[in-house]
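Remarks on the structure that follows.
Every number here is computed from the coordinates shown, using simple stated rules; none is lab data. Here the structure is a predicted model, which means the values were calculated and not measured. Please note: Cβ atoms are built from the backbone with ideal geometry, for glycine as well, and neighbour counts cover all protein chains shown.
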Amino acid sequence: MYKLGDSIVYTLYGESHAEYIGGYLEGIPKGMKIDIEQINKDLALRKPSAGIGTPRKEPDEVEFLSGLDNGKATGEKIHYRIKNTNTDSSKYDIFNRTPRPGHADLPALIKFPGHKIKGGNQFSGRLTVSVVVAGSIARQFIAQYGINVGAFTRSIGNVRDEEERTFEDTVRSKDNPTRAATKELDSLMNREVLEASAEEDSVGGVVECITTGLPIGFGGTWFGSLDAEIARAVFAIPACKGVEFGRGFELTKMKGSESNDPFYYENGVRLRTNNMGGILGGMSDGAPMVFRAAFKPTPSIGKEQDTIDLKTKSDAKVVVKGRHDPCIVPRAVVVVESVTCLVIADEIKKEKLAK
């Protein structure tokens with residue numbers, strides 16, 4: 001399934017080594033100004049950083065085919081695409097026979113007869129370039145309602161940021177290659193990535209996302225709850241293996257008297273703590289919405305790994321050579337922001353239509 005949303009609908013298309021990756025975005029109001037410079041800034045945050053990212057370089061120039069006129073939305077479906085310039089997939093042929101551990105190769109080869117491994121195909125993180133374009137437009141849409149979404153790197157490998165962070169920290173993180181909240185943590189996280197890379201290995205980490213400006217009662221219940229919708233979208237990001245809101249699994253070690261967030265009045269309703277991450281009953285409680293997403297280590301590593309030979313039906317070995325990130329966490333930060341913006345934009349449109 002390549003669609004996200006009901007009222008503002010994002011549709012993704014393309015593959016990692018196809019000629020183009022693109023998307024459609026429906027529901028953006030007619031006349032809304034689209035800041036192309038902001039889109040390019042967000043795309044730049046997704047690009048690999050020197051030394052800790054893949055050597056694969058793509059210009060990521062967005063071509064808008066329809067839905068925009070003189071920088072404004074026409075009210076019709078916005079269609080855009082990004083040309084892939086690095087599309088040589090010949091070195092991946094061997095993986096049709098010896099699937100890569102940690103990749104979607106094996107289930108894809110079994111599920112889709114005739115499937116040929118070309119990079120990550122439709123499962124690749126390369127497709128997040130389309131997500132960021134749509135998310136950047138959604139970011140501009142929700143900003144009109146005073147809602148802002150930011151994220152930063154909470155941890156990489158064994159290096160973890162233990163401080164409480166605010167939305168302002170997410171803004172400052174844009175100056176750091178690892179998207180850490182401080183220069184000191186950036187240096188430590190950078191070293192963690194470089195050490196793994198030197199060992200022909202990789203590391204994972206955690207992205208924390210903070211959303212401000214959500215009104216009390218924003219969201220839904222049960223299967224339409226705001227946290228469920230956010231989690232569904234975030235889990236769709238390749239390599240994401242976990243999502244938790246507020247204190248998350250730490251809440252299991254607390255008592256109700258410790259975990260409950262007390263209310264008080266001060267120029268409106270306020271909360272003394274934010275253990276629930278700004279969500280109660282699937283709806284915003286007025287506090288910043290805070291969640292974390294866990295990303296596994298990049299599965300493409302230079303170390304020899306055990307696999308199978310699908311032709312001989314025997315055990316085999318595989319080494320993944322090529323242009324790969326030793327850690328995708330810094331690049332995932334803006335992708336987490338993007339899907340969050342898309343979900344919130346869709347919810348705004350749904351709630352406006354419902355009134």
Find the centroid of the Cα atoms in region 28-46 and in region 301-333, then give the distance between the two in whole Å. 35
Zone residues, region 16-55, relative to E61, backbone N less than 20 Å from point 7 Å out along Cα-to-Cβ: 17-23, 35-48
Pairs of Cα atoms under 8 Å, at least six residues apart: use those to get the relative contact order of the chain, whole percent. 23
Please work out the FRET efficiency for the pair D306 and R160, using the Cβ-Cβ distance as r and a Förster radius of 25 Å; give the result to the nearest 0.05. 0.25
Between region 233-284 and region 107-152, the alpha-carbon center distance in angstrom: 26
Please state the charge dipole magnitude for region 111-165, taken about the Cα centre, from unit charges on C-beta atoms (+1 on K and R, -1 on D and E), reported in debye and rounded to the nearest 20. 520
Would you work out if region 2-46 is rounded, prolate or oblate? Take a ≥ b ≥ c from the square roots of the eigenvalues of the alpha-carbon gyration tensor; rounded if a/c is under 1.5, else prolate when a/b is larger than b/c, oblate otherwise. oblate
For the chain, which DSSP H helices look membrane-span-like by this rule: Cα extent along the axis of 18 Å or more and mean Kyte-Doolittle of at least 0.5? 128-143, 329-354
Please rank F95, F112, F152, F141, fewest neighbouring Cβ atoms within 10 Å first, as an exposure proxy. F112, F95, F141, F152
For I308, the residues 5 or more places away or on another chain with a placed amide H closer than 5 Å to its own amide H are A316
With R172 itself left out, Lys, Arg at +1 and Asp, Glu at -1 over residues whose Cβ is under 11 Å from its Cβ give 0
Out of these labelled values of Rg and Dmax of the Cα atoms in Å, [x] 20.9, 71; [y] 20.1, 63; [z] 21.3, 65, which was calculated from the coordinates shown here? [x]
Please report the net charge: other residues with Cβ closer than 14 Å to the Cβ of R81, K and R +1, D and E -1. -3
Among G135, G53, G71, which one shows the highest mean-square fluctuation when the chain is modelled as a Gaussian network with alpha-carbon springs under 10 Å? G71
Within a 10 angstrom radius of the beta carbon, how do C327, C240 rank from fewest other beta carbons to most? C240, C327
How far apart, in nm, are the 7 Å Cα→Cβ label points at A316 and K77? 4.0
